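These notes concern the structure reproduced below.
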Amino acid sequence: MHNYRAMIYRLTPEMIMELVEPLSHLLWDAVDSGASIGFLPPVDPVESLRYWDSVRIAVYEGSRVLLAYIEDDEMVGTVQLDLAMRKNALHRAEVMKLMVHRNGRRRGVATALMNEVEKVAREMGRTLLVLDTRRGDESEKLYRKLGYLEAGEIPRYARSADGTLHATVILFKEL
Ligand SMILES: CC(C)(COP(=O)(O)OP(=O)(O)OC[C@H]1O[C@@H](n2cnc3c(N)ncnc32)[C@H](O)[C@@H]1OP(=O)(O)O)[C@@H](O)C(=O)NCCC(=O)NCCS
């Protein structure tokens, strides 16, 4: 990685290519920690490379924003904003895959990423943010603290690493 200081970067497709290894390490760490972010442990390295490549393409196409918190050249956390592209939905976006490396948690990194993603959303005219998360996770506490409101819950929505199906809560925030 070339000299990234402590700050939040909006990654370009080129930066995503350059940073694919640290991004993959972050994803593995989050999944290993039990996070419900679409993958089950152990994540196949090829699967994670393919995943970050799909994010790179979405960023290139303009339908996704990827923010990364990088400190002392370490990839500490990321969050994504998926921009709804339908004509009737241009005011809306989905916050996805917020993750902070276990070494960097409880220092306000996720809060900083969420504040920045909201700023970017506002700048892009996206005034309604939606997201979902596993019921009862630390992330649910974080989102509620940041003012996200519950739209509802879907029982048995996603599988956890131990094989059980867990409920997902849908949250939203009007900016
Ligand atoms: C959820 C996650 C992103 C939080 O990141 P973080 O940088 O540690 O969060 P912050 O330091 O900004 O925490 C902000 C607030 O969220 C809540 N919170 C965060 N982690 C918590 C925990 N482990 N237990 C209880 N509350 C927690 C607290 O209210 C905290 O404020 P406080 O530290 O002043 O008490 C991180 O734990 C993570 O990456 N988890 C795995 C991935 C995941 O589940 N992502 C969500 C996908 S929807």
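Could you tell me which residue out of Gly62, Gly38, Thr127 lies farthest along the dipole of the range 7-127 toward its positive end? Charges go on the beta carbon: Lys and Arg +1, Asp and Glu -1, centred on the Cα centre.
Most positive-ward Cα: Thr127.
Once the other residues with Cβ under 11 Å from the Cβ of His166 are scored (Lys, Arg +1; Asp, Glu -1), what is the net sum?
On the way: positive: Arg134, Arg135, Arg156, Arg159; negative: Asp137, Glu153, Asp162.
For residues surrounding His166, the net value is +1.
If we count other beta carbons within 10 Å of each Cβ, what is the order of Val55, Val79, Val46, fewest first? Mind dumping the intermediate values first?
Details: Val55 22, Val79 25, Val46 8.
In increasing order of surrounding Cβ atoms, one gets Val46, Val55, Val79.
Is it possible to state the helix-based mean residue ellipticity at 222 nm for the chain, with each DSSP H run of 4+ residues giving -39500 (n - 2.57), the sum divided by total residues, to the nearest 500 deg cm²/dmol? What is it?
Using -39500 (n - 2.57) per qualifying helix, the result is -10500 deg cm²/dmol.
Among Ala84, Ala35, Ala110, which one moves the most in a GNM of the chain with springs linking Cα atoms closer than 10 Å?
Highest fluctuation of the listed residues: Ala84.
Based only on other Cβ atoms within 10 Å, what is the fewest-to-most ordering of Tyr9, Tyr60? List each step's numbers first, then the result.
Numbers: Tyr9 16, Tyr60 13.
Fewest to most other Cβ atoms nearby, the residues stand as Tyr60, Tyr9.
Please sort through the DSSP H helices of the chain and keep those with an alpha-carbon extent of at least 15 Å along the long axis and a Kyte-Doolittle average not below 0.0.
Values: long enough: 20-32 (18 Å, 0.35); 45-61 (24 Å, -0.21); 109-123 (21 Å, 0.04).
Flagged H segments are 20-32, 109-123.
How charged is the neighbourhood of Ala121? Take every other residue with its Cβ under 14 Å from the Cβ of Ala121, and add Lys/Arg as +1 and Asp/Glu as -1.
Details: positive: Arg10, Arg64, Arg92, Lys119, Arg122, Arg126, Lys173; negative: Asp82, Glu94, Glu116, Glu118, Glu123, Glu174.
Taking every other residue near Ala121 into account, the sum is +1.
With 10 angstrom as the radius, rank Ser24, Ser54 by how many other C-beta atoms surround their C-beta, starting from the fewest.
Ser54, Ser24
P(r) tail for the chain, what percent of Cα pairs lie past 22 Å?
On the way: 6676 of 15225 pairs.
Across the chain, Cα pairs with separations above 22 Å total 44 percent.
Bear in mind that the values in this text are calculations on the coordinates, not laboratory data. These figures come from a predicted structure and were not determined experimentally. Every residue, glycine among them, receives a Cβ derived from its backbone with ideal geometry; neighbour counts consider all protein chains shown.
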